[in-house]
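Enquirer: Have a look at this one.
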Amino acid sequence: MSNNETRTAVITGASSGIGEATARALAADGYRVALLARRVDRITALAEELGKGAIAIEADVTNRDSIVAAAGRVQEEMGGADVLINNAGVMLLGPFTAEQHDDYRHMIDVNLLGAITTTEVFLEQLKEDGGDIINISSVAGVRARAGNGVYAATKFGLNGWSESLRQELLPDVRVTVIEPGAVATELPNHITHAATRQGVVEAYRQVEVTPDDIAEVIAFALSRPRRLALHEILLRPAGQEL
Ligand code: NDP
């Protein structure tokens, strides 16, 4: 029996793309997976396919009550979360104009506040037994381009918050950030600015990196032993030198 068989991984945005592929990869590595997303039909089918105690929970990361309810189910039915993958995200690209104002708020709500909310809700479960948080950022969190300003801002924000959290939570919880480049998923299909959507969807047809490639990286990161670097050891006891 793999050591992972007693470990539970919670994955947000598990209904498609990188989240779905990560669910498959972690289930194959022996994790029990809790699949969170709004499209409940997709996650229910995936949980049935994966078996091994996988559960589907309809949840919207912009609605704290739904995340609290999801955490309650994970605690009750799976004994709590050991791994949290903050993957849910939207990429609503387009020129920076007032017409896109709903998109800006929505990206911040999902990509940044959604990850923060899901983490604070699950944090006590993750601390219980030595947990992992994996935040799915992007190359857009390192380098911004014309037309992706607010999306990049959410990923720059995610990176800054993750770095603080990483120092604050060690050694109880390990925080890892993954920054993929373009990955062939349905991410661009939700762009509301028609001309931008057409161009980006077209460009994504050329993309060769698959969600499975990213899932493999996530599974690899989780498989690494927890070792503190010297500067991290010097940060202990946690909090005093922050
Ligand atoms: P997908 O569109 O395939 O997946 C996005 C997931 O997020 C879906 O499962 C969707 O589920 C979920 N989601 C969206 N809004 C919410 C919400 N309010 N509450 C809960 N879940 C939500 O795209 P990807 O797999 O590509 O995206 C996954 C992550 O990877 C995102 O954070 C994205 O920014 C990041 N990324 C993607 C790259 C790419 O090129 N594809 C590159 C770099 C990073 P549902 O609609 O069912 O709720």
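Every read-out reported here was derived from the displayed coordinates using simple, explicitly stated rules and does not represent laboratory data. The structure displayed is predicted, hence computed values, not measured ones. Using ideal geometry, Cβ is built from the backbone for each residue, glycine included, and neighbour counts are taken over all protein chains shown.
Enquirer: Using the count of nearby Cβ atoms within 10 Å as a rough guide to exposure, how do Val150, Val10, Val90, Val83 rank from fewest to most?
Expert: Val90, Val150, Val83, Val10
Enquirer: So how tilted is helix 149-169 from the main axis of the chain? Cα-based, degrees 0 to 90, rounded to 10.
Expert: Taking the Cα atoms of the chain, the angle to 149-169 is about 10 degrees.
Enquirer: If you plug each phi of the range 114-131 into the Karplus form 6.51 cos²θ - 1.76 cosθ + 1.60 with θ = phi - 60°, what whole-Hz ³J(HN,Hα) values come out, in order, with x for Gly and Pro?
Expert: 3J(HN,Hα) across the range 114-131, in whole Hz: x, 5, 5, 5, 4, 5, 5, 6, 8, 4, 5, 5, 5, 6, 3, 9, x, x.
Enquirer: Could you calculate the FRET efficiency of Glu168 with Gln206 from 1/(1 + (r/R0)^6), where r is the beta carbon distance between them and R0 is 51 Å, rounded to 0.05?
Expert: Here the calculated transfer efficiency is 0.80.
Enquirer: Distances longer than 33 Å among the Cα atoms of the chain: what percent of all pairs is that?
Expert: 16 percent
Enquirer: Taking the Cβ of His193 as the center, what net charge do the other residues with Cβ under 12 Å away carry, scoring Lys and Arg +1 and Asp and Glu -1?
Expert: Net local charge, His193 excluded: -2.
Enquirer: To the nearest 10 degrees, how steeply does helix 17-28 sit against the main Cα axis of the chain, on a 0 to 90 scale?
Expert: 20 degrees
Enquirer: For the range 1-104, take N as its residue count and report Rg(C-alpha) divided by 2.2 N^0.38 Å.
Expert: So the Cα radius of gyration is 1.17 times the expected 2.2 N^0.38 Å.
Enquirer: To continue, here is another question. What percent does the relative contact order of the range 8-234 come to when contacts are Cα pairs within less than 8 Å and at least six residues apart?
Expert: Here the relative contact order equals 21 percent.
Enquirer: Top mean-square fluctuation among Pro225, Pro188, Pro171, Gaussian network model of the chain, C-alpha springs under 10 Å?
Expert: The residue with the greatest mean-square fluctuation here is Pro225.
Enquirer: Tell me the net charge near Asp60. Cut-off is 11 Å between Cβ atoms, Asp60 excluded, with +1 for each Lys or Arg and -1 for each Asp or Glu.
Expert: Neighbourhood net charge equals 0.
Enquirer: Express in nm, to one decimal, how much length is gained between Glu5 and Lys52 on full extension, taking 0.36 nm for each residue of separation and deducting their alpha carbon distance.
Expert: Difference between extended and current length: 16.0 nm.
Enquirer: On average, how much area does the Cα convex hull of the range 95-184 cover when viewed from any direction, in nm²?
Expert: 6.4 nm²
Enquirer: May I pose another question? Could you state the angle between the C-alpha long axis of helix 40-50 and the longest principal axis of the C-alpha atoms of the chain, as a value from 0 to 90 degrees rounded to the nearest 10?
Expert: Rounded to the nearest ten degrees, it is 50.
Enquirer: Tell me, what is the FRET efficiency for Asn189 and Leu228 to the nearest 0.05, using R0 = 35 angstrom and their Cβ-Cβ distance as r?
Expert: Efficiency at R0 = 35 Å is approximately 0.25.
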